[in-house]
Amino acid sequence: MTLLELTDVTASYGKVQVLEGVSLQVPDGGAVGILGANGAGKTTTLRAISGTVNVAGRITFDRTDITHSGPEKVASLGIAHVPEGRGTLPNLSVRENLLVGAYLRKDRGGVSGDIDFLLELFPNLGRRIGQNASTLSGGEQQMLAIARAFMAKPRLLVLDEPSLGLAPSTSKDVYDSLQRLREESGIAMLVVEQNAPLAFRIVEAATVLETGRSVLSGTAAELKGRDEIRKAYLGG
Ligand SMILES: Nc1ncnc2c1ncn2[C@@H]1O[C@H](COP(=O)(O)OP(=O)(O)OP(=O)(O)O)[C@@H](O)[C@H]1O
Ligand SMILES: [Mg+2]
């Protein structure tokens, strides 16, 4: 089943149109990538989904039209966003950040069970559970941002460049954790990434954006075989 579908989505900031016909689909439980250079419109595509930019076209989530839904409605339907730059709350502890992620939930038992699950998945967070988020390393902060988004119990996790600013080995750790999170929870993911080899560690399909348009879409295997993808994103 298709969980998220964008059909011919356009988006603009004031009078400046930056997306012009973006289409993509994320299957339930699947992982899909959005690749593209700086300024291609990747973050704007995620903002279109989470309802923080004006859009035209059509966006559906689990068959509900969310094209013009605001961010609270989109979140309540089950889409959680891990923004560019992470956005953890620096003066709150790791545990408090996780609880903030769960603030709309009423199932206290489920919340503490999910915290246990995440601390097992991210042992570094477990060791730093009482520390302020500001004292974590960049990789740990990214893992906290992912864990916090997961605490909302979403069906789709939308991630904006989770590798940004991280050392290569730390980026791999983050992607390995994302993969385990998928395997163990069945959550679907839509991942924006400039580093295509990293994205291809977890995504089954991807779409390439160029100046606000989807110019190429396919399975990971198809895309990895394309010359233009190899040259532009895979180092030859
Ligand atoms: N708040 C804004 N107001 C006006 N223009 C914006 C705004 N945010 C982004 N843009 C413009 O929209 C275009 C797409 O930006 P976007 O942030 O979506 O790109 P991106 O693919 O995420 O790039 P990057 O890889 O650098 O994060 C760019 O030309 C950018 O300058
Ligand atoms: Mg961006």
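The values are calculated or read from the model by the stated rules, or taken from the named source; none is laboratory data. Note that the structure is a prediction, hence the values are computed from the model and not measured. Quick reminder, even Gly has a Cβ in these numbers, built from the backbone with ideal geometry, and neighbours come from all protein chains shown. The area values use the complete protein model at the heavy-atom level, side chains included, leaving out ligands, DNA and RNA. Shrake-Rupley method; radii C 1.70, N 1.55, O 1.52, S 1.80 Å.
Structural remarks
For every residue, the table says whether it meets (1) of a type in the set (A, V, I, L, M); (2) open to solvent by 60 Å² or more (accessible area, probe 1.4 Å); (3) part of a loop (DSSP other than H, G, I, E, B); (4) within 27 Å of Arg213 (Cβ to Cβ).
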residue: Ala40; (1), (2), (3), (4): yes, no, yes, yes
residue: Leu46; (1), (2), (3), (4): yes, no, no, yes
residue: Val55; (1), (2), (3), (4): yes, no, no, yes
residue: His68; (1), (2), (3), (4): no, yes, yes, yes
residue: Val74; (1), (2), (3), (4): yes, no, no, yes
residue: Gly87; (1), (2), (3), (4): no, no, yes, no
residue: Lys106; (1), (2), (3), (4): no, yes, yes, no
residue: Gly110; (1), (2), (3), (4): no, no, no, no
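- For Leu157, the conditions (1) within 16 Å of ligand 2 (Cβ to nearest atom); (2) not in a helix (DSSP H, G or I) all hold with the exception of (1).
- Check on Leu178, part of a helix (DSSP H, G or I) and either surrounded by 18 or more Cβ atoms within 10 Å (Cβ to Cβ) or of a type in the set (S, T, N, Q) (or both): yes
- For the range 17-38, the candidate set comprises residues that are open to solvent by 10 Å² or more (accessible area, probe 1.4 Å) and within 14 Å of ligand 2 (Cβ to nearest atom); within that set, the residue that is nearest to Leu234 (Cα to Cα) is Ala37.
- Of all residues in the range 82-97, those that are touching a residue at least 12 places away in the same chain (Cβ under 8 Å) and within 19 Å of Arg47 (Cβ to Cβ) have Cβ atoms under 8 Å from Cβ atoms of residues that are part of a loop (DSSP other than H, G, I, E, B) and of a type in the set (A, V, I, L, M, F, W, C), 6 or more apart or on another chain, in Glu84/Leu164; Gly85/Leu164.
- Screening Ala221 with (1) more than 16 Å from ligand 2 (Cβ to nearest atom); (2) small (Gly, Ala, Ser); (3) in contact (Cβ under 8 Å) with a residue 24 or more places away in the chain gives one miss only, at (3).
- Sole residue being touching a His at 6+ places or on another chain (Cβ under 9 Å), surrounded by 21 or more Cβ atoms within 10 Å (Cβ to Cβ) and either closer than 15 Å to Leu178 by Cβ or modelled with pLDDT of 95 or more (or both), chosen from Ala133, Ala149: Ala149
- Scanning the range 216-226 for residues that are more than 23 Å from the chain's Cα centre (by Cα) and either within 12 Å of Leu35 (Cα to Cα) or open to solvent by 80 Å² or more (accessible area, probe 1.4 Å) (or both) turns up just one, Arg226.
- The set of residues from the range 106-130 being β-branched (Val, Ile, Thr) and either touching a Ser or Thr at 6+ places or on another chain (Cβ under 9 Å) or within 19 Å of Arg180 (Cβ to Cβ) (or both) comprises Ile115, Ile129.
- Restricting the range 57-66 to residues that are under 18 Å from the mean Cα position of the chain (by Cα) and not in a loop (DSSP other than H, G, I, E, B) leaves a set whose member that is farthest from ligand 2 (Cβ to nearest atom) is Thr60.
- Residue match in the range 74-88 (condition: of a type in the set (Ser, Thr, Tyr) and within 16 Å of ligand 2 (Cβ to nearest atom)): no
Results for (1) hydroxyl-bearing (Ser, Thr, Tyr); (2) over 17 Å from Val82 (Cα atoms); (3) touching a Ser or Thr at 6+ places or on another chain (Cβ under 8 Å), shown as yes or no for each residue.
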| residue | (1), (2), (3) |
| --- | --- |
| Leu24 | no, yes, yes |
| Gly41 | no, no, yes |
| Thr45 | yes, no, no |
| Asn54 | no, yes, yes |
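- The one condition in (1) under 28 Å from Asn195 (Cα atoms); (2) free of Cβ contacts under 8 Å to residues at least 24 places away in the same chain; (3) among the aromatic types (Phe, Trp, Tyr) that Tyr103 fails to fulfil: (1)
For every residue, the table says whether it meets (1) within 13 Å of ligand 1 (Cβ to nearest atom); (2) among the hydrophobic types (A, V, I, L, M, F, W, C).
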residue: Gly41; (1), (2): yes, no
residue: Ile49; (1), (2): yes, yes
residue: Gly57; (1), (2): no, no
residue: Thr88; (1), (2): no, no
